[in-house]
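Working notes for the structure below.
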Amino acid sequence: MAAQIIDGKKLAQQIKAELREEVERLKRERGITPGLAVILVGDDPASRTYVRNKERACRDIGIFSQVHRLPAETSQEQLLELIEELNHTDHIHGVLVQLPLPEHIDERTVIQAIKPEKDVDGFHPVNVGNLHIGAPGFVPCTPRGIIEMLDRTGIPIKGKHAVVVGRSNIAGKPAAMLLLARHATVTICHSRTVDLAYHTRQADILVVAVGRPRFITGDMIKEGAVVIDVGVNRVDEGLVGDVDFDSCLEKASYITPVPGGVGRMTVVMLMKNTVEAVR
Ligand code: NAP
């Protein structure tokens, strides 16, 4: 039987509606409007689109947003000064620097300059550390969205074998940590993994964040697996994931589409982190 498709768009709309209510309540009961500052350095077209989507989502939910569009020649010092100012701006609860940054700016230094309490992307080492020790803190949006998708679809995690392909700091690694925190048995695969298909075939839950179009094919998954495709790859026909949707659809029990899957959850989780930043 063909897999059930997990509708990221529908789930994202549900969460947005909940957030709208929460923002209304914050305004009514505490007189606070959650505020998000986004910093964009340079004019990378993909980054511009992501920033526009974030602005739109804020508007949609009732979050105050401000975008600082800085020229590509902005010095690291100027960027750090702006972050420092935003760290101390009371009506801004979340600060986010759109990545990637121009080469002359050190990403790590910039991320570390954001106050952990305002780091709604969850990339600051303090938040990364908190995730690893199971303490409260901001969790990166894409992996948080994955867990939310599983939970809202009623897919159990505890005791399952989760295999994560990809070990980036924004997707693979935090996804693995979150699954582990929810008591999955976790295997992390990467470019040096020997016999990848052996591992992916063991997965009850397979999370793929590699960045290669249609990389995971039906013969690489177990019958009845839950397949979460994080990949977003532009090919001639449009956007495709890291999973070969057609061949996996027949074998999986649940599968996320691209577009309309994990990507939809990412922005909405950023909104959730921003609302939580008020607390
Ligand atoms: P990344 O930083 O380039 O990491 C890719 C990972 O895949 C690395 O850990 C790499 O292993 C691994 N890998 C590469 N080739 C492999 C192979 N042949 N076999 C097994 N593993 C392999 O990418 P990322 O930032 O995690 O993004 C991954 C994909 O997700 C991209 O398509 C990106 O656009 C998408 N993405 C989507 C969202 C969303 O909101 N939907 C958010 C973030 C990312 P090594 O570590 O050994 O190099």
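The values are calculated or read from the model by the stated rules, or taken from the named source; none is laboratory data. This is a predicted model, so every value here is computed, not measured. Reconstructed Cβ throughout: ideal geometry from the backbone, glycine too, with neighbour counts over all protein chains shown. The area values use the complete protein model at the heavy-atom level, side chains included, leaving out ligands, DNA and RNA. Shrake-Rupley method; radii C 1.70, N 1.55, O 1.52, S 1.80 Å.
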Legend entry - Pair list, Cβ < 7 Å and 6+ apart or interchain, from region 227-250 residues that are away from the ligand (no atom under 11 Å from the Cβ) to residues that are in a helix (DSSP H, G or I): V227/C248; D244/G218; S247/G218; C248/G218; E250/G218
Inset, instruction - Can you tell me which residue among V128, V139 is open to solvent by 10 Å² or more (accessible area, probe 1.4 Å), at pLDDT 95 or above, in a loop (DSSP other than H, G, I, E, B) and within 16 Å of the ligand (Cβ to nearest atom)? - result: V139
Inset, instruction - Working carefully through the options R152, R144, R108, find the one that is in contact with a helix residue (DSSP H, G or I) (Cβ under 9 Å, 6 or more places away or on another chain), within 24 Å of E55 (Cβ to Cβ), among the basic types (K, R) and open to solvent by 10 Å² or more (accessible area, probe 1.4 Å). - result: R144
Inset, instruction - Scan region 54-77 and report the pairs whose first residue is without any contact (Cβ under 8 Å) to a residue 40 or more places away in the chain and surrounded by 15 or more Cβ atoms within 10 Å (Cβ to Cβ) and whose second residue is of a type in the set (G, A, S) and assigned to a strand (DSSP E or B), with Cβ atoms within less than 7 Å and a gap of 6+ or a chain change. - result: E55/S65; F64/G35; Q66/A37; H68/A37
Legend entry - Answer from D43, D90, D121 - the residue that is in contact (Cβ under 8 Å) with a residue 60 or more places away in the chain, part of a loop (DSSP other than H, G, I, E, B) and charged (D, E, K, R): D121
Legend entry - Those residues of region 251-268 which are open to solvent by less than 10 Å² (accessible area, probe 1.4 Å) and more than 9 Å from the ligand (Cβ to nearest atom), in sequence order: A252, I255, T256, V268
Legend entry - The lone exception for A176 - which of (1) within 14 Å of the ligand (Cβ to nearest atom); (2) outside any helix (DSSP H, G or I); (3) aliphatic (A, V, I, L, M) it fails: (2)
Inset, instruction - Could you tell me which of the residues T193, T185 is at pLDDT 95 or above, hydroxyl-bearing (S, T, Y) and open to solvent by less than 40 Å² (accessible area, probe 1.4 Å)? - result: T193
